[in-house]
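For reference, the structure discussed in these notes is given below.
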2 protein chains.
Amino acid sequence: MDPVVGPQADPSLDIPLAFSDPTYLAAVVDLLGAIAYGEMSAFERLAEDAKMAPALEDKVELAAMASREFGHFGALRDRIAELGADPFEAMQPFQKPIDDFHVHTAPRDWLEGLVKAYVGDGLAADFYREVAAFVDAGTRDLIIDSLEDSGQAEFVVDRVRKAIDADHRVGGRLALWGRRLMGEALSQAQRVAAERDALSALLSGGVDRPGMDLAAIGRMFTRLTENHNKRMDTLGLAP
Amino acid sequence: MDPVVGPQADPSLDIPLAFSDPTYLAAVVDLLGAIAYGEMSAFERLAEDAKMAPALEDKVELAAMASREFGHFGALRDRIAELGADPFEAMQPFQKPIDDFHVHTAPRDWLEGLVKAYVGDGLAADFYREVAAFVDAGTRDLIIDSLEDSGQAEFVVDRVRKAIDADHRVGGRLALWGRRLMGEALSQAQRVAAERDALSALLSGGVDRPGMDLAAIGRMFTRLTENHNKRMDTLGLAP
């Protein structure tokens with residue numbers, strides 16, 4: 001794989017001037033590494049949770065989600081390599097926090113797995129979209145593409161709402177579960193922000209780059225929470 | 001999904017005259033159901049075995065194989081639906097024998113998983129290619145496409161040979177394992193042949209359709225065994 005691909009190869013893959021700033025380059029590689037490992041571990045988790053499917057049809061839906069995550073992973077890995085970095089080194093710092101998130105939120109049954117797929121992926125997608133606002137257009141497009149959802153979410157909403165209709169106690173249990181997912185995600189995100197200086201610097205900006213001040217970061221968390229609550233509501237769960 | 005797609009939609013998806021014979025149609029649906037469930041369960045097994053990967057790079061290779069199997073599954077499922085059958089009903093008769101195969105051949109470590117991926121998929125591919133000779137061109141092309149391998153096999157060969165180089169006892173253990181895989185596969189295939197009349201009839205032919213006599217079936221098994229032995233040899237294992 002070439003470390004750098006010129007604009008003539010594919011206009012979406014050009015390496016803009018911003019990458020001549022090593023701090024910026026490190027931050028983008030960090031960001032892509034985090035998302036790539038997130039997709040890879042989403043693949044693993046969905047494939048694992050698919051085992052709990054009550055019917056082959058349901059298993060196929062989760063396997064389809066898993067395969068799509070893996071497809072996104074491939075695109076992110078290639079982009080990291082194009083930027084001249086080692087994709088596996090770039091992912092390494094995020095393995096522990098993301099693995100820990102999954103260990104702490106291992107679903108006990110099929111419905112918890114569905115809620116996690118929906119709420120967890122939604123939250124991750126929102127966060128990455130927020131961060132994507134601070135990177136170059138090529139990287140941003142790749143990130144946005146990798147967050148695309150092809151309608152599996154509807155399948156989750158349908159199954160969860162039907163389960164709540166059938167037994168209202170399920171709704172209370174899954175609502176608690178959704179809150180726990182949000183709490184664990186925030187706690188791991190905080191850990192990453194504290195440890196990854198380049199990534200944090202990307203969000204807080206620099207002398208020559210706009211960024212977020214503390215108030216803006218607060219507003220971002222408000223938006224993330226609001227969207228999470230909307231998703232819970234869509235599932236028929238109290239936020 | 002339309003039960004029947006006309007030739008104008010996609011020339012490879014036309015429904016030839018042969019399908020007006022309900023026995024033939026049932027046999028092809030059976031065959032596609034068997035391969036589809038085989039791919040789906042290969043996805044599951046590879047995703048499961050990926051957990052044993054010694055490094056993230058290895059895990060990614062197995063996840064890539066799993067995702068590709070799932071892609072093939074999708075194409076087979078769609079073809080079954082186009083033939084007017086329910087893909088999940090078509091897969092159902094093969095769930096138990098294929099699941100049993102996997103239960104009886106659960107790898108105990110990463111290397112056994114690699115050998116199983118290589119030897120098992122190779123054997124399945126050989127068998128399906130043999131059977132594909134007896135079906136219409138559209139179905140045959142789909143089957144052949146779904147067997148395409150995109151170089152992951154090289155990765156397996158590399159890892160297994162390196163492991164044997166590092167410790168020769170590994171070779172003896174994996175050679176035994178390869179023989180067990182072949183034995184289990186034959187025993188499950190025999191079970192399927194005994195239970196699925198339409199599928200067996202496809203192989204043995206009809207008044208208006210060429211088929212295999214007992215001698216030809218014997219020769220087919222000889223070919224399957226020879227190819228299996230070649231694969232074992234490629235891996236550096238005594239057949």
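All of the numbers you see were taken from the coordinates with simple rules; none came from a lab. Since we're looking at a predicted model, the values are computed, not measured. Cβ placement follows ideal geometry from the backbone for every residue including glycine, while neighbour counts extend to all protein chains displayed.
Work out the P(r) tail for the stretch B:120-239: percent of alpha carbon pairs separated by more than 16 Å, whole number. The calculated P(r) of the stretch B:120-239 puts 68 percent of pairs beyond 16 Å.
Just want to confirm a number: the relative contact order over the stretch A:31-167, from Cα pairs under 8 angstrom separated by 6+ residues, in percent.
29
Along the Cα-to-Cβ line of residue B:145, 7 Å from the Cα, sits a label point; which residues in the stretch B:18-37 have backbone N less than 20 Å from it? Correct set: B:18-19, B:28-37. Across the stretch A:117-122, rounded Karplus estimates of 3J(HN,Hα) from the backbone phi angles (6.51 cos²θ - 1.76 cosθ + 1.60, θ = phi - 60°) give 4, 6, 6, x, 5, x Hz, Gly and Pro being marked x.
The value of relative contact order for chain A, using C-alpha pairs under 8 Å at least six residues apart, is 24 percent.
Across peptide B:60-69, how many C-beta atoms of other chains are within 10 Å of each residue C-beta, on average?
The shielding value for this peptide is 5.
With springs only between Cα atoms under 10 Å, which of B:163, B:215, B:185 fluctuates most in a Gaussian network model of chain B? Comparing B:163, B:215, B:185 in the GNM, the peak value goes to B:215. Indicate the gyration tensor shape class of the stretch B:118-165 (rounded, prolate or oblate), computed on the Cα atoms with a ≥ b ≥ c the square roots of the eigenvalues: a/c under 1.5 is rounded; otherwise a/b larger than b/c is prolate and the rest oblate. Cα axes put the stretch B:118-165 in the prolate bin.
If the only charges are +1 at each Lys and Arg Cβ and -1 at each Asp and Glu Cβ, what is the size of the charge dipole of the stretch A:56-103 around the Cα centre, to the nearest 20 debye?
80
Peptides A:83-91, B:62-70 ranked from most to least packed, by the mean per-residue count of other Cβ atoms within 10 Å: B:62-70, A:83-91.
If you place +1 on the Cβ of every Lys and Arg and -1 on the Cβ of every Asp and Glu, how big does the dipole about the Cα centre of the protein assembly as shown come out, in debye to the nearest 20?
Taking the Cα centre of the protein assembly as shown as origin, the dipole is about 1400 debye.
Counting, for every residue in B:74-81, the Cβ atoms of other protein chains within 10 Å of its Cβ and taking the mean gives 1.
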